[in-house]
Amino acid sequence: MIRFESVSKTYADGTTAVDNLSLTAPTGQITVLVGPSGCGKTTSLRMVNRMITPTSGRITIDGTDTGSLDPAQLRRGIGYVIQQGGLFPHHTVERNIATVPLLLGWDKRRAYARARELLETVGLDAALASRYPAALSGGQQQRVGVARALAADPPVMLMDEPFSAVDPVVRDQLQDEFRRLQAQLGKTILFVTHDIDEAIKLGDQVAVLRVGGRLAQVAPPAELLATPIDDFVAGFVGRDRGYRALGFVAADLPVHSEATVEVGTPIVAADGWVLVVDPERRPLGWIDGARHPGPVTTELLTGGTLAPAGGSLRAALDASLSSPSGRGVVIDDEGRLAGTVTAEEVLRALAHERANAANAAASAIAAASPSGVTSPSAAAP
Amino acid sequence: MTWALDHAGQIADLAWRHVLLAGIPLLLGLVLAIPLGWLAHRVPVLAPVMVVGTGLLYTIPSLALFILMPLMLGTRILDPVNVVVAMTIYTVALLVRTVVDGLRSVPGDVDAAATAMGLGALRRLWQVQLPLAVPVIAAGMRVAAVSNVSIVSIASLIGVAQLGDLLTDGYNRNIPAELITGILATLLLALVFDRAVVGVERLLTPWRAS
Ligand SMILES: Nc1ncnc2c1ncn2[C@@H]1O[C@H](COP(=O)(O)OP(=O)(O)OP(=O)(O)O)[C@@H](O)[C@H]1O
Ligand SMILES: [Mg+2]
């Protein structure tokens, strides 16, 4: 657990980068610091490992004041992923990853073996081990940066915009992999980004900072989207926050069965859109049955996004809105067709969800009420 | 040509002395300039004073410095140590700025990463900053190397033997072949020094080959 206790930082030139920050990053969770450029995110992060000394306040890790520890020792126990990668250009990939283990006195064989193991963990080919960073793509460099921070298996990690220097597609992929990795490793992570989507995707808890280094709101992502505390946070979270909040509402939707045609066979008696599947009943796309007589080929198909069964309302809504037939395709865990849903059904489910939430809130208030008056909804099952 | 062949042994002897008188100060100067440059880099208020201060040393006329050395060091007039010390001063004068520039050329995020990994100041210098400063320092070393080879020739005037003797002797006794041999040998030596620095730079920067 990392705790900021009334921490402030004013630089020598008078800039106040962080203003009276109190924040707890719980053990085993990802706490994201998000905010516009210059709001003091990097400064906050670097005060944890004492690369920057707070002007006032203190920071503890598992109860120990970091100010009482030797800086170099402290840093070797904290994984750090730097904005822009910051790999050592003159060291090979494996030597980069082995940096902290070697500092901790591991013998070279063990440190390099660990480096190769980590290459695999972050999804890189072991053949890259002996290359220099300049010979890697941006995405590969970022992965090496993460591997380097993980090398000595530190319980605490500080990550400063680790995925910002790559294109959106690679970033998305890195974020997904990072989430899977964290599910296994359960590190205590302080993660900095200026990208609210990244914050919402990765954070167990999101702390929004405003310029001047003041904390605006700390909340789990769903709560941040649902109830931003003020206009600044609402504006920062974005106009489509309502839609994005659906990403946190589980869809428990009944699905319709859907007429399908297997690829390579002709469509029998259909007017309008028909769903094409492969022999395993995995959806391939839609075809306009009236216009394409004869065996179905994959070139003619129009796709839409697929919603996993039991996924979020957002995924279900997106699937139905992106489907040319207006029927969103729902798939099971094996990627096989489970059925379809329409946008109307998703919205009805949402309305139902809202009503439930309102009831739950009302009953919570009623239960907490000292007079003991129970409302009708609280009595309902 | 025949003059050079007839005196090959003497030329080789003078060339070797020249190599030592120019080369040893080059290495000593680098060894001294690194901590001075590092200090200037770490303590920014010191940087202008140190860079300008050491740079000014270069403007002292070499003959004056050679003559002053015995007075300051208590050495004998003809002692080659006078030349070595004087040339080391010139090398430091050129290289302090170079080392500061080299350390400044290290990308900030790389340096910050080294700190964040838990490398102390000395490890950072040795493992990260100096290796990355090699290209800039090597460029300064090439200037210093050629400059040393050239300035050392003046030492003939205070009686310390090296290739410069061919110039003074050739001039005094009016032997053009000796004079030309001296010039060519000095040029060739400067070229060899320059190539040697480039070779060492390549060896130290395998990561830049691509
Ligand atoms: N060494 C310094 N001296 C003076 N001011 C500084 C220093 N470092 C940062 N600042 C200032 O402090 C403020 C916060 O900087 P910081 O780097 O923490 O912001 P950030 O949130 O990480 O921004 P970004 O998203 O651009 O990385 C900025 O106004 C910045 O200009
Ligand atoms: Mg920053």
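Tabulated data for the structure shown
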| item | result |
| --- | --- |
| Answer from A:ASP195, A:ASP176 - the residue that is open to solvent by 30 Å² or more (accessible area, probe 1.4 Å) and away from ligand 1 (no atom under 16 Å from the Cβ) | A:ASP176 |
| Contacts under 9 angstrom Cβ, first residue in the stretch A:55-84 being in the same structural domain as A:LYS187 (by TED's automatic domain parsing) and free of Cβ contacts under 8 Å to residues at least 40 places away in the same chain, partner open to solvent by 50 Å² or more (accessible area, probe 1.4 Å) and of a type in the set (Val, Ile, Thr), 6 or more apart | A:GLY67/A:THR53 |
| One residue from B:ILE154, B:ILE67, B:ILE137 being within 14 Å of another protein chain (Cβ to nearest Cβ) and assigned to a helix (DSSP H, G or I) | B:ILE137 |
| Residue, farthest from the other protein chains (Cβ to nearest Cβ), within the stretch A:1-25, restricted to residues that are among the hydrophobic types (A, V, I, L, M, F, W, C) and near ligand 1 (Cβ under 8 Å from one of its atoms) | A:VAL18 |
| The stretch A:1-20 - residue that is out of contact with any helix residue (DSSP H, G or I) (no Cβ under 9 Å at 6 or more places or on another chain) and surrounded by 14 or more Cβ atoms within 10 Å (Cβ to Cβ) and, of those, farthest from A:THR55 (Cα to Cα) | A:MET1 |
| Residue tally, condition more than 18 Å from B:TRP126 (Cβ to Cβ) and either open to solvent by 50 Å² or more (accessible area, probe 1.4 Å) or among the acidic types (Asp, Glu) (or both), over the stretch A:68-110 | 11 |
| Considering residues of the stretch A:37-67 that are more than 12 Å from ligand 2 (Cβ to nearest atom) and of a type in the set (S, T, N, Q) only, the residue surrounded by the most Cβ atoms within 10 Å (Cβ to Cβ) | A:ASN49 |
| Residue satisfying condition, being more than 9 Å from chain A (Cβ to nearest Cβ) and open to solvent by 30 Å² or more (accessible area, probe 1.4 Å), within set B:LEU130, B:LEU122, B:LEU103 | B:LEU122 |
| Subset of the stretch A:270-319 [in contact (Cβ under 8 Å) with a residue 60 or more places away in the chain and either assigned to a loop (DSSP other than H, G, I, E, B) or not assigned by TED's automatic domain parsing to the domain that holds A:THR260 (or both)] | A:GLY310, A:GLY311 |
| Filter result for B:VAL146 (out of contact with any Cys (no Cβ under 7 Å at 6 or more places or on another chain) and modelled with pLDDT of 95 or more) | yes |
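Table: residues versus (1) over 19 Å from the mean Cα position of the chain (by Cα); (2) of a type in the set (A, V, I, L, M).
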| site | (1), (2) |
| --- | --- |
| B:SER150 | no, no |
| B:ILE158 | yes, yes |
| B:ALA177 | yes, yes |
| B:VAL198 | no, yes |
| B:THR205 | yes, no |
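The values are calculated or read from the model by the stated rules, or taken from the named source; none is laboratory data. Small disclaimer: the values here were computed from a predicted structure and weren't measured. Cβ coordinates were reconstructed from backbone atoms using ideal geometry, including for glycine residues, and neighbour counts include every protein chain displayed. What goes into the accessible areas is simple: the full protein's heavy atoms, side chains included, and nothing from ligands, DNA or RNA. Shrake-Rupley method; radii C 1.70, N 1.55, O 1.52, S 1.80 Å.
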